[in-house]
1. Quick one: how many residues across region 4-48 are over 19 Å from Gly64 (Cα atoms) and touching a residue at least 24 places away in the same chain (Cβ under 8 Å)?
2. On the basis of being assigned to a helix (DSSP H, G or I) and of a type outside the set (Asp, Glu), does Leu16 make the cut?
3. So which residues in region 21-44 are open to solvent by 60 Å² or more (accessible area, probe 1.4 Å) and not hydroxyl-bearing (Ser, Thr, Tyr), if there are any at all?
Amino acid sequence: MKQPSRPILETLARNLRYYRYHKGLTQEKLAEICGFHRTYISDVERSKRNITLLGLETLAVALGVSAPDLLTERKDKDHHDPLF
């Protein structure tokens, strides 16, 4: 079985951290809002988990962004910030 593309998982991880941080949410609070376990959010943010489309949509709705926003490299990213 073909493994998911690392770049898309890494983009998702960066964007999830970015939008969560800018919403002022902890991993635990985001997980609670979404009905996920905190370790699930942590795994996604470390590119360790390939999530489902429904999981992606759940995260996007909770963060007030679109699913494509989570999967697309942001043009405004700060290359000096280690979180993003």
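The values are calculated or read from the model by the stated rules, or taken from the named source; none is laboratory data. Model, not experiment: these values are computed from the prediction. Here the Cβ is made from the backbone with ideal geometry for all residues, glycine too, and neighbour counts use every protein chain on show. Side chains included, ligands, DNA and RNA excluded: accessible areas come from the protein's heavy atoms. Shrake-Rupley method; radii C 1.70, N 1.55, O 1.52, S 1.80 Å.
1. 7
2. yes
3. If the condition is that a residue be open to solvent by 60 Å² or more (accessible area, probe 1.4 Å) and not hydroxyl-bearing (Ser, Thr, Tyr), then His22, Lys23, Gly24, Glu28, Lys29, Glu32, Ile33, Gly35, His37, Arg38 are the ones that fit.
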